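A.B. asks: What follows is a structure written as structure tokens; I'll ask about it next.
The values are calculated or read from the model by the stated rules, or taken from the named source; none is laboratory data. Note that the structure is predicted; figures quoted are calculated from it, not measured. Cβ sites come from the backbone with ideal geometry, for glycine too, and all protein chains shown count toward neighbours.
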Amino acid sequence: MTPENLAHARRRAELLTAMQLGDGGTGVPLGLGKRSSNLFRDRHEGAKRRLDLSDFCHVIDIDTEHGWVDVEGLTSYEELVAQTLRHGVMPAVVPQLKTITVGGAVAGVGIEATSHRQGLVHDTLLELDVLLPGGEMLHCTPDNAHRDLFFGFPNSYGTLGYALRLRLRTLPVKPYVRVEHLQYQAPQAFFSDLAAHCQGDADFVDGVVFGAQQQVINRASFVDAAPWLSDYSFEQIYYRSLADKPLDYLTVQDYIWRWDTDWFWCSKNLHAQHPLVRRLLGKDRLNSRFYTRVMRWNARWGLTRRLARWRGRFTESVIQDVDIPIAGASDFLAFLLREIGILPIWICPVRGPAPDASFTLFPLAPDSHYVNFGFWDVVETTRAYEPGHFNRLVEREVMRLGGIKSLYSDSYFTPEEFAQAYGLSHYQALKAKYDPAGRMLGLYEKCVLRA
């Protein structure tokens with residue numbers, strides 16, 4: 001056994017001992033004690049018994065021959081990518097932001113430009129060790145006695161247990177990435193070609209909608225050499241280059257984190273795209289970690305909301321990622337442009353799971369393609385609407401088109417809608433089996449009622 005495996009076994013044994021000695025019968029729900037979060041929903045936090053898993057932040061093993069990595073659940077993708085690239089591989093799907101943790105990407109939903117071929121992060125999962133609310137540890141694989149938890153864990157958001165160790169598929173990389181930016185002026189042609197590129201040989205496919213008459217497909221592939229290199233980690237802004245550069249080259253690491261520097265384009269809300277502000281902030285603050293801290297501060301004090309009211313405006317945060325069957329993508333885009341009005345919109349095609357790998361709480365049709373729409377901003381209006389008005393419009397349209405919404409942000413589903421969308425009857429069976437004492441909150445309570 002390697003030193004890394006021995007250290008992981010020691011941390012796990014110490015945790016299980018501490019849980020057995022702790023008071024699990026207080027009636028207070030168990031919650032994860034984390035210093036940061038990539039959830040974007042305001043929570044009405046009640047009392048919780050906090051579990052500190054911050055020590056579980058290590059890469060345990062990288063097997064390049066068999067194409068997998070063993071990693072602890074609280075490891076950030078920034079750390080995981082840094083270590084795997086040293087071995088000439090990367091996780092098969094790397095979510096867009098450095099601070100996302102591996103366990104969080106599986107307990108939630110993780111996506112990126114390899115998803116057109118690799119699926120979501122949980123589609124690349126080979127096995128995991130889950131710490132149950134009662135202190136028991138279970139080893140879960142697609143074909144062992146706990147296969148129901150293996151397929152039920154993704155999208156459970158810490159309501160069935162916590163992933164302490166995960167084994168994920170990796171992909172071999174080359175030093176550089178060649179990126180083509182293909183311009184479109186009509187959504188129908190844009191989505192038609194997006195579907196065609198999903199069947200092609202590109203290693204990465206994503207896109208951006210800048211407006212009804214401006215869309216861009218980004219088609220990228222690994223290459224051994226680059227005639228030039230662009231750097232979007234400081235003064236240059238990646239998303240602005242999509243319209244200006246038909247062809248670009250980045251190092252593989254810079255390509256993986258191309259969206260992190262400006263939080264896609266959301267850094268504009270901090271005026272961080274102005275050259276002077278950019279220099280004042282400095283390179284070390286141009287990243288998702290800093291923006292998240294500012295956003296949390298603003299959510300706590302409501303500064304932008306108060307300023308909007310002073311100007312006679314009403315606001316609603318609409319921060320959503322939704323997956324729509326590719327046949328309905330043009331209709332959904334028309335809805336967004338008509339009813340919501342947020343631009344730009346990130347577009348990422350997603351391959352559904354294999355026929356024998358149906359994930360209980362995030363049901364996508366097998367062997368089919370979906371389009372992920374990512375739109376993150378504030379809708380301002382001159383009159384007041386009921387709370388959640390625009391988010392409710394999104395939820396209803398997603399359900400009408402047979403899609404599904406990620407649960408990391410505000411949700412307003414009724415219990416009946418939620419049960420229909422997320423297979424709640426199957427979830428209740430998992431909850432009764434793996435958390436019979438109800439030590440953790442339920443999925444609806446946590447993700448919709450924000451408990």
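A.B. asks: Would you call residue 303 closer than 24 Å to residue 112 by Cα and more than 21 Å from the chain's Cα centre (by Cα)?
C.D. replies: no
A.B. asks: A further question on this structure: Kindly evaluate residue 223 against the criterion of being within 23 Å of residue 319 (Cβ to Cβ) and either without any contact (Cβ under 8 Å) to a residue 60 or more places away in the chain or loosely packed, with under 14 Cβ neighbours inside 10 Å (or both).
C.D. replies: When the stated conditions are applied, residue 223 does not pass them.
A.B. asks: In addition: State which residue is farthest from the chain's Cα centre (by Cα) when the search covers only region 66-77 and only residues that are part of a loop (DSSP other than H, G, I, E, B) and of a type outside the set (Gly, Ala, Ser).
C.D. replies: 66
A.B. asks: In this structure, is residue 410 among the acidic types (Asp, Glu), farther than 24 Å from residue 318 by Cα and surrounded by 15 or more Cβ atoms within 10 Å (Cβ to Cβ)?
C.D. replies: no
A.B. asks: Of all residues in region 346-362, which are crowded, with 20+ Cβ neighbours inside 10 Å and among the hydrophobic types (A, V, I, L, M, F, W, C)?
C.D. replies: 346, 347, 348, 350, 359, 361, 362
A.B. asks: Please work out which residue is nearest to residue 320 (Cα to Cα), limiting yourself to region 382-420 and to residues that are in contact with a strand residue (DSSP E or B) (Cβ under 7 Å, 6 or more places away or on another chain), of a type in the set (A, V, I, L, M, F, W, C) and modelled with pLDDT of 95 or more.
C.D. replies: The residue in question is 394.
A.B. asks: Would you check which residues across region 20-31 are more than 29 Å from the chain's Cα centre (by Cα) and either of a type outside the set (Val, Ile, Thr) or at pLDDT 70 or above (or both) and list them?
C.D. replies: 20, 21, 22, 23, 24, 25, 27
A.B. asks: Which numbered condition trips up residue 322, out of (1) modelled with pLDDT of 95 or more; (2) among the hydrophobic types (A, V, I, L, M, F, W, C); (3) over 23 Å from the mean Cα position of the chain (by Cα); (4) within 27 Å of residue 407 (Cα to Cα)?
C.D. replies: Just one mismatch for residue 322, condition (3).
For (1) of a type outside the set (Phe, Trp, Tyr); (2) under 20 Å from residue 363 (Cβ atoms); (3) touching a helix residue (DSSP H, G or I) at 6+ places or on another chain (Cβ under 8 Å), each residue gets a yes or a no:
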residue	(1), (2), (3)
398	yes, yes, yes
414	yes, yes, no
428	yes, yes, no
433	yes, yes, yes
445	yes, no, no
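A.B. asks: The conditions are (1) touching a strand residue (DSSP E or B) at 6+ places or on another chain (Cβ under 6 Å); (2) outside any strand (DSSP E or B), and residue 130 fails exactly one of them. Which is it?
C.D. replies: (2)
A.B. asks: Somewhere in region 172-188, is a residue polar (S, T, N, Q), within 27 Å of residue 444 (Cα to Cα) and not in a strand (DSSP E or B)?
C.D. replies: no
A.B. asks: Hey, does region 73-92 have a residue that's touching an Asp or Glu at 6+ places or on another chain (Cβ under 7 Å) and either under 28 Å from residue 347 (Cα atoms) or aromatic (Phe, Trp, Tyr) (or both)?
C.D. replies: So far as region 73-92 goes, no, none of its residues is touching an Asp or Glu at 6+ places or on another chain (Cβ under 7 Å) and either under 28 Å from residue 347 (Cα atoms) or aromatic (Phe, Trp, Tyr) (or both).
A.B. asks: What number of residues within region 78-117 are in a helix (DSSP H, G or I), surrounded by 22 or more Cβ atoms within 10 Å (Cβ to Cβ) and polar (S, T, N, Q)?
C.D. replies: Final tally of qualifying residues: 2.
Here's the yes/no breakdown for (1) of a type in the set (Phe, Trp, Tyr); (2) surrounded by fewer than 16 Cβ atoms within 10 Å (Cβ to Cβ):
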site: 138; (1), (2): no, no
site: 145; (1), (2): no, yes
site: 150; (1), (2): yes, no
site: 154; (1), (2): no, no
site: 160; (1), (2): no, no
site: 171; (1), (2): no, no
site: 174; (1), (2): no, yes
site: 179; (1), (2): no, no
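A.B. asks: Considering every residue within region 390-402, establish whether at least one is in contact with a Ser or Thr (Cβ under 9 Å, 6 or more places away or on another chain), crowded, with 17+ Cβ neighbours inside 10 Å and of a type in the set (A, V, I, L, M).
C.D. replies: no
A.B. asks: Please enumerate the residues belonging to region 134-154 that are in a loop (DSSP other than H, G, I, E, B) and in contact with a Pro (Cβ under 9 Å, 6 or more places away or on another chain).
C.D. replies: The answer is 134, and nothing else.
A.B. asks: Scan region 32-43 and tell me whether some residue there is modelled with pLDDT under 95 and within 17 Å of residue 130 (Cα to Cα).
C.D. replies: Yes, because at least one residue in region 32-43 is modelled with pLDDT under 95 and within 17 Å of residue 130 (Cα to Cα).
A.B. asks: Sticking with this one: Considering 299, 329, which residue is among the hydrophobic types (A, V, I, L, M, F, W, C) and either surrounded by fewer than 18 Cβ atoms within 10 Å (Cβ to Cβ) or modelled with pLDDT under 95 (or both)?
C.D. replies: None of the others qualify; the one that does is 299.
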